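Here the structure is laid out as structure tokens; the discussion comes afterwards.
The values are calculated or read from the model by the stated rules, or taken from the named source; none is laboratory data. Remember, it's a predicted structure, so these values are computed and weren't measured experimentally. Glycine also receives a Cβ, built like all others from the backbone with ideal geometry; neighbour counts cover every protein chain displayed.
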Amino acid sequence: MATFQASPATIAPATPLRISQACDDGKTFAELFYEKMDKQRHAMANLFHESASLVWNGNHVQGKASVVNFLEQLPASETNLTCIDAQPVLDLPALGGQPTITVICGGRQKFGNNKYKQFTESFMLTAEQNVWKVVSDTYRSFE
């Protein structure tokens, strides 16, 4: 099962602790996400919130089932992450005050027999019953 527990410290009100824990959780999430993307794409559904949104190189997909279906249709991938940054999002009313972090990743990725391309991907994660779920995923590749 591909779930990733939100650290209890992320929920704590102490801002320096929240920032540190968000960085740790974001790094762990990114490593899990790309491992699943490259090797176990069929097991990615548990990473997404029911209302998840994906923008993939300008193409919008809405809803967990549609997002997962879109990702499963992509050719096999190989990902080399070169950077991960994560920060807490404080007091976001749209998510009902749930703990939320933003994770920004970059690196090189290839699909199928294509050459590697540089990419950036940003995620907004929210804790749903203490499990991080992707609410928003924005991906862009570059020549």
Restricting to segment 113-129, name every residue that is buried (at least 16 other Cβ atoms within 10 Å of the Cβ), touching a residue at least 24 places away in the same chain (Cβ under 8 Å) and among the hydroxyl-bearing types (Ser, Thr, Tyr). Thr126
Asn46, sole failed condition from (1) touching a residue at least 40 places away in the same chain (Cβ under 8 Å); (2) surrounded by 15 or more Cβ atoms within 10 Å (Cβ to Cβ); (3) assigned to a helix (DSSP H, G or I): (2)
Need the failing condition index for Leu74 against (1) loosely packed, with under 14 Cβ neighbours inside 10 Å; (2) more than 24 Å from Glu143 (Cβ to Cβ), just the number. (2)
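Residue by residue, here is whether (1) under 20 Å from Phe29 (Cβ atoms); (2) touching a Phe, Trp or Tyr at 6+ places or on another chain (Cβ under 9 Å) holds:
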residue	(1), (2)
Asn57	no, yes
Val89	yes, no
Lys117	no, yes
Thr120	yes, yes
Val131	yes, yes
Scan segment 36-73 residue by residue and report those that are farther than 21 Å from Glu128 by Cβ and among the charged types (D, E, K, R). Asp38, Lys39, Arg41, Glu72
In the list Trp132, Trp56, which residue meets the criterion of being modelled with pLDDT under 95 and crowded, with 16+ Cβ neighbours inside 10 Å? Trp132
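Residues that are of a type in the set (Val, Ile, Thr) and over 23 Å from Ala43 (Cβ atoms): find the strands (runs of 3 or more DSSP E) completely inside segment 68-143 holding 3 or more of those. Walk me through it before giving the result.
On the way: elements: 77-89, 100-111, 117-128, 131-142.
Ranges flagged: 100-111.
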Flagged in segment 19-44 as within 17 Å of Val67 (Cβ to Cβ) and in contact with a Phe, Trp or Tyr (Cβ under 7 Å, 6 or more places away or on another chain), in numbering order, are Phe29, Leu32
Cross-chain or 6+ apart pairs with Cβ under 7 Å, segment 68-80 first and over 19 Å from Thr120 (Cα atoms) and in contact (Cβ under 8 Å) with a residue 12 or more places away in the chain, then surrounded by 13 or more Cβ atoms within 10 Å (Cβ to Cβ) and among the β-branched types (Val, Ile, Thr): none
